1. Among the residues that make up the range 84-93, is at least one of them at pLDDT 80 or above and within 15 Å of Tyr168 (Cβ to Cβ)?
2. Could you check Phe43 against (1) at pLDDT 80 or above; (2) over 19 Å from Leu109 (Cβ atoms) and say which number it fails?
3. Evaluate the following for Phe176: is it of a type in the set (Phe, Trp, Tyr), in contact with a strand residue (DSSP E or B) (Cβ under 8 Å, 6 or more places away or on another chain) and either surrounded by 14 or more Cβ atoms within 10 Å (Cβ to Cβ) or in a strand (DSSP E or B) (or both)?
4. How many of the residues in the range 108-129 are closer than 27 Å to Leu12 by Cβ, in a helix (DSSP H, G or I) and polar (S, T, N, Q)?
5. What pairs come up if the first residue lies in the range 1-17 and is surrounded by 10 or more Cβ atoms within 10 Å (Cβ to Cβ), the second is basic (Lys, Arg) and modelled with pLDDT of 95 or more, and their beta carbons are under 6 Å apart, counting only those six or more places apart or on different chains?
Amino acid sequence: MIQIFGDYLENLPDQDEYLTMGFSPSSVPLKKRWQNNGLSADFIADYFRTFFVSQQDDDDGDDENFAAENYRDAVKYIANELLENAMKFQDEQVSFTAKIGFSLYNDKLIFCVTNGINEQQVAPFQGFIKRLLTEAPDDLYIQAMKTNARKGVDAPSRLGLLSMVCDYSAKLGWKFEKRQTNPPMTIVSTMVCLEL
């Protein structure tokens, strides 16, 4: 069974410029790789910046560098948040390689992170998604900050996803695909579209 929420694009056009990274739980547990998220996000952001700068006119000067750095910072933030969520919520009871993909188009960047979650995580996550799609993101962001302050950093506040919408005007979408594995698992793909 497949469920789609938000702005998930099922059939993206082929793209020559893309990057995909996989993280297998069989070599090192994903939760132990937490410290590497920043390195991976830096790599993705630097990869993007190279293509963005090369698309600009040579006489743009400081404006080119400023725009490239702003986009690089946004890419780094979004990639880091997606990686953290994928690793935090990955069900390590099943053998599934979490992946983050990044595609550069003329007018947008598309991130897609895929990971496997257990059945107990599906309903709360979909409940959050439904609220995000029907309520004001700014209000949800403030509520999440208050909840996070009360519960501590281990609470699944989803602040990163809310920040992508509120701070970067990103469009988010999700695909849930239930797999008949033992134990049961749902593959979740989170897509983030950032307009250029």
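The values are calculated or read from the model by the stated rules, or taken from the named source; none is laboratory data. It should be emphasised that the depicted structure is a prediction, and the values quoted were computed from it without experimental measurement. When we count neighbours, we look across all protein chains shown, and the Cβ atoms used for this are built from the backbone with ideal geometry, even at glycine.
1. Looking for residues that are at pLDDT 80 or above and within 15 Å of Tyr168 (Cβ to Cβ), one finds none in the range 84-93, hence no.
2. (2)
3. The answer is yes for Phe176.
4. Looking only at that region, the number is 2.
5. Ile4/Lys175; Asp7/Lys171; Tyr8/Lys175
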